[in-house]
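**Student:** Below: one structure in structure tokens.
The values are calculated or read from the model by the stated rules, or taken from the named source; none is laboratory data. If you're wondering where the values come from, they're calculated on a predicted model, not measured in any experiment. Here the Cβ positions follow ideal geometry from the backbone for every residue, glycine too, while neighbour counts run over all protein chains shown. Areas reflect the complete protein model, heavy atoms only, side chains present, ligands, DNA and RNA absent. Shrake-Rupley method; radii C 1.70, N 1.55, O 1.52, S 1.80 Å.
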Amino acid sequence: QVQLVESGGGLVKEGGSLRLSCSSSIITFGTLTIGWYRQAPGKSRELVAQIDRDGSTNYADSVKGRFTISRDSVERTAYLQMNSLKPEDTAVYYCNAKWLAIDSWGQGTQVTVSV
């Protein structure tokens, strides 16, 4: 499996921005499909954004136009730029990596958006 380390979470006011990072040491980082998921208290984990090895992306409807996922294969890091944050974006955000038999999760990073 792949070790993933998330960072960048924190407390921000409504309308603010945060950038989450997901770093990995795997040499074949460029082959991975990277997804950012989130889980709010009492809710199921949901896909927020995903970027494939060819750079194609998809987003949950709730974050379209506000969040941007990207990747830097040289730095072996994926990012989630979150703008215009809303209280309903409050959750633990997880990074996921998939490729062939690989399906790995990071430890999660808390994002809290206050009114």
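**Student:** Express in % the proportion of alpha carbon pairs of the chain at distances exceeding 18 Å.
**Tutor:** Details: 2908 of 6555 pairs.
In whole percent, the share of Cα-Cα pairs in the chain beyond 18 Å is 44.
**Student:** Given a Förster radius of 22 Å and the C-beta distance between K86 and N58 as r, what FRET efficiency does 1/(1 + (r/R0)^6) yield to the nearest 0.05? Could you put the intermediate results ahead of the total?
**Tutor:** Numbers: r = 20 Å, r/R0 = 0.91.
It comes out at approximately 0.65.
**Student:** How much of the accessible area of the range 33-99, in percent, comes from carbon and sulfur atoms when a 1.4 Å probe is used?
**Tutor:** Numbers: 1480 of 3290 Å².
That fraction is 45 percent.
**Student:** What dipole magnitude, in Debye to the nearest 20, does the chain give about its Cα centre under +1 on Lys/Arg Cβ and -1 on Asp/Glu Cβ?
**Tutor:** On the way: 12 positive and 11 negative charges, 22 e Å.
The calculated dipole for the chain is roughly 100 debye.
**Student:** For S25 and K13, compute 0.36 nm times the residue count separating them, minus their Cα-Cα distance, and round to one decimal in nm.
**Tutor:** That pair, S25 and K13, stretches by 1.1 nm at full extension.
**Student:** Is any residue of the range 58-80 close enough, with backbone N under 15 Å, to a label point placed 7 angstrom from the Cα of I102 along the Cα-Cβ axis, and if so, which?
**Tutor:** The answer is 71-79.
**Student:** Using a 1.4 angstrom probe, figure out how much accessible area the chain has per residue, in square angstrom, rounded to the nearest whole.
**Tutor:** 51
**Student:** Continuing with the same structure: Over the chain, calculate the relative contact order: mean separation of alpha carbon pairs under 8 Å at least 6 apart, over the residue count, as a percent.
**Tutor:** On the way: 283 pairs, mean separation 43.1, N = 115.
Over the chain, the number comes to 37 percent.
**Student:** Now a separate question. Over 19 Å between C-alpha atoms is what I'm after, so list which of K64/K98; K43/K86; K13/K86 land there.
**Tutor:** Working: K64/K98 22 Å; K43/K86 17 Å; K13/K86 8 Å.
As for pairs spanning more than 19 Å Cα to Cα, those are K64/K98.
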